[in-house]
1. Determine whether B:Ile62 is away from chain A (no Cβ under 11 Å), without any contact (Cβ under 8 Å) to a residue 60 or more places away in the chain and surrounded by 22 or more Cβ atoms within 10 Å (Cβ to Cβ).
2. Sort through B:Thr128, B:Thr233, B:Thr199 and tell me the only one that's out of contact with any helix residue (DSSP H, G or I) (no Cβ under 9 Å at 6 or more places or on another chain), among the β-branched types (Val, Ile, Thr) and under 21 Å from B:Pro115 (Cβ atoms).
3. Can you name the number of the only condition in (1) more than 9 Å from chain A (Cβ to nearest Cβ); (2) closer than 23 Å to A:Ile98 by Cβ; (3) free of Cβ contacts under 8 Å to residues at least 40 places away in the same chain; (4) surrounded by fewer than 23 Cβ atoms within 10 Å (Cβ to Cβ) that B:Phe55 fails?
4. Which residues, counting only those in segment A:37-58, are open to solvent by 40 Å² or more (accessible area, probe 1.4 Å), in contact with a Phe, Trp or Tyr (Cβ under 9 Å, 6 or more places away or on another chain), within 13 Å of chain B (Cβ to nearest Cβ) and more than 20 Å from A:Val122 (Cα to Cα)?
5. Is at least one residue of segment A:103-118 within 11 Å of chain B (Cβ to nearest Cβ) and part of a loop (DSSP other than H, G, I, E, B)?
6. What about A:Gly52, is it assigned to a loop (DSSP other than H, G, I, E, B) and on the phi > 0 side of the Ramachandran plot?
7. Given the conditions (1) over 13 Å from the mean Cα position of the chain (by Cα); (2) buried (at least 20 other Cβ atoms within 10 Å of the Cβ), report the number of the one that A:Thr16 does not fulfil.
8. For segment A:136-143, state whether one or more residues are open to solvent by 10 Å² or more (accessible area, probe 1.4 Å) and within 11 Å of the chain's Cα centre (by Cα).
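The values are calculated or read from the model by the stated rules, or taken from the named source; none is laboratory data. Computed from a prediction, not measured in an experiment: that's the story for all the values here. Here the Cβ positions follow ideal geometry from the backbone for every residue, glycine too, while neighbour counts run over all protein chains shown. For the accessible areas, the whole protein counts, side chains as well, though only heavy atoms, and no ligand, DNA or RNA atoms are used. Shrake-Rupley method; radii C 1.70, N 1.55, O 1.52, S 1.80 Å.
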Amino acid sequence: MDIQGKAWKYGSDIDTDVIIPARYLNDSSLEHLAAHCLEDLDEEFVDKMDEGDLIVAEDNFGCGSSREHAPLAIKAAGVSCVIANSFARIFYRNSINIGLPIMECPEAVAGIDEGDEVEVDVETGTITNVTKDEEYQAEPFPEFMQELISTGGLISYVNKTV
Amino acid sequence: MGMTMVEKILADHAGKDKVKAGELVNAKLDLVLGNDITTPVAINEFEKINVDDVFDQDRIAIVPDHFVPNKDIDSAQQVKQLRDFANDKGITNFFELGEMGIEHCLLPEQGLVGPGDIVIGADSHTCTYGALGALATGVGSTDMAAAMATGEAWFKVPETIKFVYNGQLQDWVGGKDLILYTIGDIGVDGALYKSMEFTGEVIDDLSMAHRMTMSNMAIEAGGKCGLIEPDETTLDYVEGRAQRDYKVYKSDEDAEYDQVIEYNVSEIEPQVAYPHLPENTRGISEVEDIRIDQAVIGSCTNGRLEDLRLAAEVLEGQKKADHVRLIVFPGTQEIYKQAMKEGIVETLIDAGAAVSTPTCGPCLGGHMGILAEGERAIATTNRNFVGRMGHPESEVYLSNPAVAAASAIAGEIVSPKEVL
């Protein structure tokens, strides 16, 4: 998987209510979710980002509600990967299930500044900061999750077994 | 080395003698849950799976509760999709408006969850059923879809933090205060990926309603689940409700815990969580002058009969402040009916409350009580994130029902002692 783009940096405890507020959850179409991605955190996010850009955040990204609309909104907005110190449990699970690449890597979060050009190799967990010419190594996913990811998410995985 | 409750439940459901924290297992599910926000996405995913039928028509619960009564055309479409799917697949536990309730008040009341169950729900507050000794945890819509097809899900066996509550509860302190205090202590990611186990003499004496309030908010500390060992109180509650067999699991004496945290509750006063995180807690005596525009009493956290009784005890013979809107939403129709029989509804209405049909609406800023720019609410709900209850520039303070009721009377956040 080829991931490359500019980094947009945010802080800790970015909750799913600010990623996609409940007032937009009466419609789960991807265009609708994408249009309001991160609206209550950074109103300009959708306008200023380019397809392929990454979100880099601190601790507990995606905390709160189980709404899968949150990773769906991020993916549909064109974000190629989210890097954080840690992810909230349900957001982590949802991201893997729907095929949104996520990486836990405090070293990368510390090293990457907003606007840095970043490349990610999902299979090896290697994160390259092209702007600063630095490399960081994320923890690789456990084998089972790698299989889930490489199969194309949970539904494809289930379809292999039913 | 022994096992914790959560390890035992997972081992049994995965067909293993023993599991340990960190292991990934595939486990059989006793119940799969979804609501009107998460189930539409799950249905779309279910339709991509190569099966025609759900794994068990009696083990799926679909509860339209978030945007009902349908707040707009889009919400109506979503609920219609649920209704059509439930009819088409023969799902027996579809709860139509008028029979429904807030899912996490409704399912225990209906006996659809019991001790020892594994329940996944496409709603983060599914962890509520930990109060019954069930491993219950929130997931997303894709997990719900896969579970509806297979009746199974993968889990990472969590480590457990054991919380021990000893001492004597102060007046107007209950489950809500204990869990807010705990979240204030360990933080909103203090139990990330972990199982929380609530124990001690104080928990032994807590009613089921207070226990459910505590387990409900395990997710606000990042927890996977919040378990309480079943005892006589649990079995009394389950007796006569349980629709399936259940099994009591208890942690072994020599089970391995990630951490053991002890609290002396005698020092804990009613808690208030300031915006914009549930961890921003302080005792009621440390709350400055916080004028409120709205007081909200209800939700899956505090919408049970005991919660309404507490609110009515404070509001009896009193009036809300002129500038405050007081909204009360009981958790289920059964709770609503009982509150009417006990005269609670009349007390609340006489105090100036709008008493709503059961809905999650106001808690998540869906409908039935949205805040305007700059407005402030005290709420017995579970989250006070930016924009949670409406405008991104509005604020939510979390508390127990008695504090919310007292604050409605005073027009600012106060202890019940101030108005009685």
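1. Values: away from chain A (no Cβ under 11 Å): yes; without any contact (Cβ under 8 Å) to a residue 60 or more places away in the chain: yes; surrounded by 22 or more Cβ atoms within 10 Å (Cβ to Cβ): yes.
It is true that B:Ile62 is away from chain A (no Cβ under 11 Å), without any contact (Cβ under 8 Å) to a residue 60 or more places away in the chain and surrounded by 22 or more Cβ atoms within 10 Å (Cβ to Cβ).
2. Matching residue, one of B:Thr128, B:Thr233, B:Thr199: B:Thr199.
3. Of (1) more than 9 Å from chain A (Cβ to nearest Cβ); (2) closer than 23 Å to A:Ile98 by Cβ; (3) free of Cβ contacts under 8 Å to residues at least 40 places away in the same chain; (4) surrounded by fewer than 23 Cβ atoms within 10 Å (Cβ to Cβ), only one is false for B:Phe55: (3).
4. Within segment A:37-58, the subset open to solvent by 40 Å² or more (accessible area, probe 1.4 Å) is A:39, A:41, A:43-44, A:46-48, A:50-51, A:58.
Filter again for in contact with a Phe, Trp or Tyr (Cβ under 9 Å, 6 or more places away or on another chain), leaving A:39, A:41, A:48, A:58.
Pick out the ones that are also within 13 Å of chain B (Cβ to nearest Cβ) and you get A:39, A:41, A:58.
Scanning segment A:37-58 gives A:Glu39, A:Leu41.
5. For segment A:103-118, residues within 11 Å of chain B (Cβ to nearest Cβ) and part of a loop (DSSP other than H, G, I, E, B): absent.
6. Yes; evaluated as a whole, the condition is true for this residue.
7. Against the list (1) over 13 Å from the mean Cα position of the chain (by Cα); (2) buried (at least 20 other Cβ atoms within 10 Å of the Cβ), A:Thr16 comes up short only on (1).
8. No, segment A:136-143 has no match at all.
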